[in-house]
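Only one structure is covered here, and it is reproduced in the block below.
Read the figures in this text as sums done on the coordinates, not as results from a lab. Keep in mind that this is a model prediction, so the values were computed, not measured. Note that we place each Cβ from the backbone using ideal geometry, even for glycine, and neighbour counts take in every protein chain shown.
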């Protein structure tokens, strides 16, 4: 069985790799953490796109997804 922090990490990694992205509100309800602030610098640098509560990798950044994940986990 995986721990809640591990489940959150996996959900972030898998969700961001999907074109649908991840819903920050759902993550907050499920895991009790707000991640919105962690995405602000990634959005400012063009690595992710945000539409309301949904965050996804920027289309031209899909090839560097691992770099985005490293920044997110800091």
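Sorted fewest first by neighbouring Cβ atoms within 10 angstrom, 22, 2 come out as 2, 22.
Sorting 13, 39 from the fewest to the most surrounding beta carbons within 10 angstrom yields 13, 39. As a rough footprinting exposure proxy, the listed residues 26, 55 were ranked by other beta carbons within 10 Å of their own, and the order from fewest upward is 26, 55. The modelled label-to-label distance between residue 37 and residue 51, using points 7 Å beyond Cα along the C-beta direction, is 2.8 nm. Between residue 2 and residue 59, the distance separating the two model label sites (each 7 Å from Cα on the Cα→Cβ line) works out to 2.9 nm. Calculated mean residue ellipticity at 222 nm for the chain: -16000 deg cm²/dmol, from DSSP H runs with n ≥ 4 weighted as -39500 (n - 2.57), summed, divided by the residue count and rounded to 500. Extending 7 Å from Cα along the Cβ direction at residue 10 and again at residue 26 yields two label points whose distance is 1.6 nm. For the chain, the relative contact order comes to 30 percent (Cα pairs under 8 Å, sequence separation of at least 6). Using the Cβ-Cβ distance between residue 18 and residue 74 with R0 set to 30 Å, the FRET efficiency from 1/(1 + (r/R0)^6) comes to roughly 0.85.
The candidate values are (1) 153; (2) 74; (3) 89; the one derived from this structure for volume of the Cα convex hull per residue in Å³ carries the label (3).
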